[in-house]
Every structure is written in C-alpha cells, then in structure tokens.
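Worksheet: one structure, shown below.
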Amino acid sequence: MYHPENDPEHIGLTVNDGVADVPKINPYARPKRTRVRYSVEQYVEGILNGNISILGQAVTLVESSLASDQQLAQQVIERCLPHAGKSLRLGITGVPGAGKSTFIEALGMQLVGDGHRLAVLAIDPSSERSKGSILGDKTRMERLSAAENAFIRPSPSAGSLGGVARKTRETIVLCEAAGFDTIFVETVGVGQSETAVHSMVDFFLLLQVTGTGDELQGIKRGIMEMADGIAINKCDGNNIERARVARISFKNALALFPPSESGWKPDAICCSSIDHSGVMEVWENIEQYIAFTKSNGYFALHRTEQAKYWMYETINQALLDGFYKNEQMEHQIEVAERQVLNNEVSSFVAAHNLLTEYGRNKQK
C-alpha cells in the first residue's frame with residue numbers, strides 16, 4: 001500500500017504497512033470431539049473383551065441423567081449381568097484424612113503386581129452449592145492410575161448419595177463383566193455413604209488413624225458394628241506406639257459388640273501406607289473372611305440380601321422421581337409449600353394431601 005508520508009521530501013516520517021488481520025478462529029485449535037455412541041452389542045462386546053475405553057463410556061451412560069442414556073445403560077447392564085458376580089468387593093471407609101487414597105494405592109499396587117485386575121470406584125464429595133467435584137482420586141493415586149491392570153473411576157456424589165450408590169452398584173456389574181476380579185469402593189467418609197456402600201460389598205473395612213487428639217472419636221457404635229475389619233493407618237514414625245495403644249482400644253471395643261450374622265470376629269490391624277508395613281496383613285485378613293463366609297454359606301446369602309435391598313431401593317427412587325417429575329403435581333406442590341410457609345396447614349397434613357392427590361392422578 002502506498003503511503004505519501006514515505007516520500008523523500010517528507011524527512012523523518014515513516015509509516016509501516018501494519019499487521020495483517022488476525023484470524024478469528026485459532027488455526028491450532030483442535031475440533032471438539034463428539035462422544036461416540038455405540039450399540040448395545042458393541043458396548044457389551046467391548047466390555048467383555050476388557051476394552052477400558054468402552055467400559056469408561058458405558059459407566060458414563062450409567063451416570064447420565066438423560067432418559068435415552070439410562071435406557072441404553074440398563075440394556076447393557078442386563079446383558080453383562082450373567083458375566084458378573086465373580087469378584088471380591090471391598091468397601092473402604094474412614095474419616096477425611098485417614099489416608100484412604102494412600103492406603104488404596106499401596107494395597108492396589110501390591111495386588112496388581114500379584115496379577116489381580118483392580119477397579120477402584122470412589123464416591124467423591126461434591127459441593128452442595130455448585131454440585132461440582134474435584135474428582136481428585138486419580139491425582140492422589142498417581143502410580144495406580146498408570147498401572148495397566150487398574151481402573152479408577154471417581155463419581156461425584158452431587159448431593160444424592162442414594163442415586164450415586166445405585167449407579168456405583170451398576171458400575172460394579174460392568175467392571176466384573178470386564179474381567180476385574182477385585183473391586184474397591186471408597187466412600188466420601190461422611191454420614192450415610194457408609195450404609196450405602198456397606199450394602200454392595202463383601203467386606204467392609206474401616207480405616208482409622210491415631211494421633212489426632214481424641215482417640216475415642218473413632219469408636220462409634222454404628223460404624224463399628226458395620227465393619228468386618230479395622231485398619232489403623234499411619235502406624236509409622238513417632239506414631240507407632242500410639243497406633244498400638246489404639247489397636248488395643250479398638251479390639252476391646254469390638255469384643256463388646258454382639259456376634260455378627262456372619263459369625264466372623266473382626267480384628268484391628270496396624271498398618272502404614274507409607275512404608276507398606278501391615279498392608280498385606282490387612283489383605284490376608286480379608287481373604288480369611290471371604291473363605292470363612294463362603295464355607296458357612298453367609299457369603300452367598302449376603303449377596304442375595306443385597307440384591308433384594310437394591311431392588312427395593314430402586315423402587316423407592318423411581319417412586320420419588322415419579323412424584324417430583326409429575327407435571328400435574330408441580331402446581332400442587334407450590335400451593336402446598338405456600339400454605340406451609342403461611343402456617344395455614346402443617347407440614348404433615350400438606351404431605352398427606354399431596355400424596356393423596358398424586359394417588360388420584362395415577363388412577364386416572
């Protein structure tokens with residue numbers, strides 16, 4: 001482009017050509033990938049062949065809230081069900097900071113090294129405000145995440161542990177069909193998640209830690225009664241003696257509880273996920289429990305009771321969803337809510353009226 005300012009008579013003036021227009025689209029940007037949708041047969045074939053990529057996508061279907069995804073997921077689960085049920089299912093719980101992820105990685109690396117195929121399903125705590133979750137277990141288990149025979153799948157609790165727990169149980173079926181012989185289910189370590197996870201595993205391990213102040217805080221009757229074994233973690237360094245004292249306290253507490261339905265007497269074992277001491281001793285205790293319950297018939301009975309429990313849980317969830325997603329009830333719920341807030345009717349009467357109205361709508 002000609003610029004008169006650049007003529008020789010205009011001494012001291014120079015105008016550059018400038019810069020070409022920057023493209024509006026980044027030429028280095030990668031196109032957004034669309035999720036591949038497989039048929040039921042392709043999902044099932046991939047899972048049975050141990051294809052981790054297809055297994056992960058099938059789990060995504062299970063976790064999806066879309067009706068079309070759920071319909072497809074249920075068909076895949078039904079086809080995989082005959083190939084499931086052959087793994088050892090271990091539930092691991094403990095207060096935040098007990099070292100659950102570190103323990104899982106320490107034990108998991110040992111098992112993978114011995115030829116086991118391990119799936120770790122972690123229920124990750126979510127924000128009650130944003131429903132977001134950091135899903136940090138893959139970050140905390142760096143070595144196990146990279147192991148060839150390990151599959152780690154964190155799931156956000158999203159404020160609904162019942163729904164997530166049901167999806168976790170369905171994910172167990174898919175993982176077993178994919179050939180994983182050991183399944184770890186890690187809880188968020190708070191409240192009702194322990195009960196949900198306990199209802200889907202063969203052995204429930206309570207991970208405790210000492211040296212944090214009140215040692216008796218770990219001895220809670222509800223969670224202790226559910227535990228099939230206790231591992232006192234972080235038994236290393238200056239904490240060894242305190243851990244041994246805590247083990248005696250836990251063993252004494254366990255002795256006070258009535259015998260469990262399985263007939264098994266839970267034990268408390270000291271271990272360290274850092275120096276790996278006692279970790280395999282915990283695993284040997286788990287294997288002893290499995291052999292014991294299989295010999296007396298409790299193992300099969302327990303799994304049957306769990307299947308029945310989840311049938312009723314699924315019914316309850318379906319009824320709950322049907323009530324709140326019913327278009328005819330939306331207005332009725334708003335009216336009842338205003339009446340309760342204005343003290344025109346009690347909460348119990350309002351609930352009774354809504355359920356009565358819902359029953360009438362279903363009969364029409």
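The values are calculated or read from the model by the stated rules, or taken from the named source; none is laboratory data. Since this is a predicted model, take the numbers as computed values, not measurements. Every residue, glycine as well, gets a Cβ built from its backbone with ideal geometry; the counts of neighbours run over all protein chains shown.
Ser65 satisfies every condition listed in (1) under 30 Å from Glu148 (Cα atoms); (2) at pLDDT below 90; (3) under 19 Å from the mean Cα position of the chain (by Cα) except (1). Of the residues making up the range 278-336, those that are acidic (Asp, Glu) and at pLDDT 95 or above are Glu281, Glu284, Glu287. Number of residues in the range 220-248 that are crowded, with 17+ Cβ neighbours inside 10 Å and either part of a loop (DSSP other than H, G, I, E, B) or small (Gly, Ala, Ser) (or both) equals 9. Counting the residues of the range 99-124 that are in contact with a Lys or Arg (Cβ under 8 Å, 6 or more places away or on another chain) and either acidic (Asp, Glu) or at pLDDT below 90 (or both) gives 4.
Close Cβ contacts (under 7 Å, 6 or more residues apart or on different chains) running from residues in the range 251-276 that are among the polar types (S, T, N, Q) to residues that are surrounded by 15 or more Cβ atoms within 10 Å (Cβ to Cβ) and assigned to a loop (DSSP other than H, G, I, E, B) comprise Ser272/Lys234; Ser272/Cys235; Ser272/Asp236; Ser272/Gly278; Ser273/Gly99. With respect to (1) farther than 21 Å from Arg143 by Cβ; (2) touching a helix residue (DSSP H, G or I) at 6+ places or on another chain (Cβ under 9 Å); (3) modelled with pLDDT under 90, the lone exception for Arg30 is condition (2).
Only one entry in Arg89, Arg143 is surrounded by 21 or more Cβ atoms within 10 Å (Cβ to Cβ), in the same structural domain as Gly278 (by TED's automatic domain parsing) and modelled with pLDDT of 85 or more, namely Arg89. Selection of helices (runs of 4 or more DSSP H) fully inside the range 259-364 by the criterion of at least 3 residues being under 29 Å from Gly99 (Cβ atoms), of a type outside the set (Phe, Trp, Tyr) and assigned by TED's automatic domain parsing to the domain that holds Ala98 returns 279-295. Residue check: is Thr182 touching a His at 6+ places or on another chain (Cβ under 7 Å), of a type in the set (S, T, N, Q) and modelled with pLDDT of 80 or more? Here the answer is yes, as Thr182 does meet what is asked. For first residues located in the range 149-161 and modelled with pLDDT under 65, partners that are in a helix (DSSP H, G or I) and lie 6+ apart or on another chain with Cβ distances below 6 Å form the pairs Ser157/Val164; Leu161/Ser193; Leu161/Ala196. State whether one or more residues within the range 92-100 are in the same structural domain as Ile152 (by TED's automatic domain parsing), closer than 16 Å to Phe180 by Cβ and either in a helix (DSSP H, G or I) or in contact with a His (Cβ under 8 Å, 6 or more places away or on another chain) (or both). Checked against the condition, which is being in the same structural domain as Ile152 (by TED's automatic domain parsing), closer than 16 Å to Phe180 by Cβ and either in a helix (DSSP H, G or I) or in contact with a His (Cβ under 8 Å, 6 or more places away or on another chain) (or both), the range 92-100 yields no hits at all.
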